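Below is one structure, written out as C-alpha cells, with a few remarks after it.
Where a number appears in this text, it was derived from the coordinates with a stated rule and is not lab data. Everything numeric in this text was worked out from a predicted model, so none of it was measured. Cβ coordinates were reconstructed from backbone atoms using ideal geometry, including for glycine residues, and neighbour counts include every protein chain displayed.
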Amino acid sequence: MSQKLKVEQLDIEIFDETIDMGFAAANFVAQKINMAITEKGVAHVILATGTSQFSFLKALKEKDIDWKKVIVFHLDEYRGISDAHPASFRKYLNERILNEVNPKKVYLINGDADDIEDVMNAYSEALEKHPIDIACIGIGENGHIAFNDPPVANFNDLKKIKIVDLDEDCRKQQLGEGWFPTLEDVPKQALTLTIPIILSAKSISCVVPDVRKAAAVKNTLQAEISTVCPATIFRTHSDIKLFLDKGSASKI
C-alpha cells in the first residue's frame, strides 16, 4: 500500500515498507532509462550512495535494462580516501551494482587523485558530453543534496563539480550510518556534483527512507525554497518523484 501526494511540482509516494519503496523507485528509474535508450540508443544516469539507497539499488539490479547502453556517473566522493576504503563511494557502487550490471561506461570521481583540478575538469567535460536523463539521489539529514550542505549550497553554481567543506551535521550522519569509527575519521572535504547539474537531469528519483530523515523531508516540502534546506529546490523541477517510507514521512 502507498499514499500519493503532490507539493508544487514534486510528486511524493509514501510506503509502509522500505523494501516496497525501493522497488517502486527502481520501477520508475528503469522506465526512464529504457525510455532514453528507446529514444536515442543510450541513457545517462547519476547514482547515489549511502544506506538510504540500499533497497533501491538492490531492486534496480533486477530490472530489465540493457546496461550496455547505459552511461553512469556518481554524485560525490570524499577527498583523500582511496577506492579501497570501506566508506569510498566508488567502492560502494562497484560492489552494490556496477560490477554486476557492467554498464557501457562508468565515470567515477577519484577523490584521492594527486591533481584534483584535473579530476574535476575531466568530470565536467564528461558531463558536458552526456546530458543526464535520470538522477537517482537522496536527501541528507541536514537537507543536503549530494554534498551540497547548507553552508556551501548554491542554486546558481557555475561549476558542475566542486570541492566542498562538509558541515558537522553531515559528518555526524556519516558516522551515525557506520561508515567511520569516529567523527575525527570522517573527512572534512569532499568532491560533489553541484545543484544545477543535478537539476539539469530530465528526471529525478529521490529515495529517502528512515525516521532520522523525517525533519529534512518536512523542511523539503514545507520550508521556504532556499539553501537553508537545499532539497527545497526539488519543488521547482518538472519531473521528480520523492519516494518515502513511513519513518521519513512521519512529520508531514
Exercise. Just how far, in whole angstrom, is region 34-57 from region 159-231 if you go by their alpha carbon centroids?
Worked result: 19 Å
Exercise. How would you rank 70-78, 85-93, highest first, on the average number of other Cβ atoms within 10 Å across their residues?
Worked result: 70-78, 85-93
For this session: Using the Cα centre as the reference, give the magnitude of the dipole from point charges on the C-beta atoms of the chain (Lys, Arg: +1; Asp, Glu: -1; all else neutral), rounded to the nearest 20 debye.
Result: 680 debye
Seminar exercise, completed: Projected onto the charge dipole of the chain (unit charges on the beta-carbon of Lys, Arg, Asp and Glu, signs +1, +1, -1, -1), the Cα from 9, 98, 231 with the largest positive-side position is that of 9
For this session: Quick one: work out Rg over Rh on the C-alpha atoms of region 179-252, Rh as Kirkwood radius.
Result: 1.02
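Full extension from residue 211 to residue 252: what is 0.36 nm times the residue separation minus their Cα-Cα distance, to one decimal in nm?
Values: separation 41, 0.36 × 41 = 14.76 nm, distance 1.16 nm.
Once the chain is fully extended between residue 211 and residue 252, it gains 13.6 nm.
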Exercise. Rounded to the nearest 5, what % of the DSSP beta bridges within the chain are antiparallel ones?
Worked result: 40 percent
For this session: Largest first and to the nearest Å, give the Cα extent of the chain along each principal axis.
Result: 48, 43, 34
Seminar exercise, completed: With a 28 Å threshold on alpha-carbon distance, the violating pairs from 162/246; 172/202; 105/188; 172/246 are 162/246; 172/202; 105/188
Problem set entry | Chain lengthening between residue 83 and residue 113 when straightened (0.36 nm per residue, less Cα-Cα) | 9.7 nm
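If you average 1/r over every pair of different alpha-carbon atoms in region 15-101 and take one over that average, what Kirkwood value in Å do you get?
13.7 Å
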For this session: Give the relative contact order (percent, whole number) for region 48-199; include only Cα pairs under 8 Å separated by 6+ residues.
Result: 26 percent
Seminar exercise, completed: The Cα radius of gyration of region 104-143, divided by 2.2 N^0.38 Å with N its residue count, comes to 1.44
Exercise. Expressed in nm to one decimal, what extension gain is obtained for the pair residue 159 and residue 16 from 0.36 nm per residue of sequence separation less their Cα-Cα distance?
Worked result: 47.6 nm
Problem set entry | region 243-252 - phi-based ³J(HN,Hα) in whole Hz, Karplus 6.51/-1.76/1.60, Gly and Pro as x | 9, 10, 10, 5, x, 5, 8, 5, 10, 10
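Please give the FRET efficiency for residue 51 paired with residue 223, using the beta carbon to beta carbon distance and R0 = 22 Å, rounded to the nearest 0.05.
Computed FRET efficiency for residue 51 and residue 223: 0.35.
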Exercise. What value does region 89-193 have for Rg/Rh, both radii from Cα atoms and Rh as Kirkwood defines it?
Worked result: 0.95
